[in-house]
Amino acid sequence: MTRRVRTRRSAALTAAIFVGLSAPLTACGSDPDKGTNGVQDMAPATIEKKARAAVEDAESVRLSGTIATQGHSYRLEMRLKDTGAVGEVATRGGETFSLLRVKDALYLKAGAGFWVDREQGDKGEPSQADLAAAQKLEGKYVKVPDSDPAYARLTGFTKMDVLLEGLLVLDGERSTGDRMEVAGVRTVQVVADGGSGGSIAVSLEGTPFPLRLKRAGGAGTVQLDEWNQGFAIHAPKDDNVVDYGKKVSDSGEDQA
């Protein structure tokens, strides 16, 4: 092998080594804003405005997390859209119930203990008749009459516009907070009053949807995803719906 051939091969090998070494260095120095929607360069009030506009135009979303309001705390797992919703609500007192709304029709499903509590209230130990009646309601849907005071309170968990409007509230001077990933999506935060007034993590990818909300005063944190992915929703079959026979709000609904 001639010296010239060896020199060319040595130069090629050296070049290959330097290319391999420089590749990760180049990646580390790449633009962190590449592929973003550009809201990170906007004023915090503008970012918030764009997030609100995205919510107003959205057709569906999945919401999960905890909210505290009017002295009550709730854990929500809901899928919401204009024409209905489906999901589960858990109270701080340990009660859990499912909600299903199809247009204006609202259905509630819960375990026997839920119905026993509503029947008994502060009456003491439930009777055998009460326990038997509650067992018949276990796992069944109860249609909540729109005249029942419980209807207005429970539909608040199922109406996308009402629920999100109540959650998208910041209190105090806005500032741009840290960037963070929410479920693998890059976001930038809009922070109110240094964080004590709540914060919104807004997506930097695609439509600037809010992906995580922290409410003012530590009143809960919720995560929002599956924006505009849609879902099917149907009224329960007649044989899975029972008549409670009285107002759901009677004897204890205020706890829920």
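The values are calculated or read from the model by the stated rules, or taken from the named source; none is laboratory data. Just so it is clear, the structure is predicted and the values come from calculations on it, not from any experiment. Reconstructed Cβ throughout: ideal geometry from the backbone, glycine too, with neighbour counts over all protein chains shown. The accessibility values were calculated without ligands, DNA or RNA, using every heavy atom of the protein model including side chains. Shrake-Rupley method; radii C 1.70, N 1.55, O 1.52, S 1.80 Å.
Things to note:
- Remark: for residue pairs LYS50/LYS247; LYS50/LYS109; LYS50/LYS81; LYS159/LYS214; LYS50/LYS159; LYS81/LYS237, the C-alpha separation exceeds 31 Å in LYS50/LYS247; LYS50/LYS109.
- Computed over neighbours whose Cβ is under 11 Å from that of VAL222, the net charge equals +3, Lys and Arg +1, Asp and Glu -1.
- Annotation: TYR141 carries an accessible surface of approximately 30 Å², with a 1.4 Å probe and no ligand, DNA or RNA atoms counted.
- Ranking by accessible area, most exposed first, for LYS140, LYS81 with a 1.4 Å probe: LYS140, LYS81
- Solvent-accessible area of THR66 with every protein chain in place, 1.4 Å probe, in Å² to the nearest 10: 50 Å²
- Dipole in debye (nearest 20) - segment 81-203, about Cα centre, beta carbon charges: Lys, Arg +1; Asp, Glu -1: 420 debye
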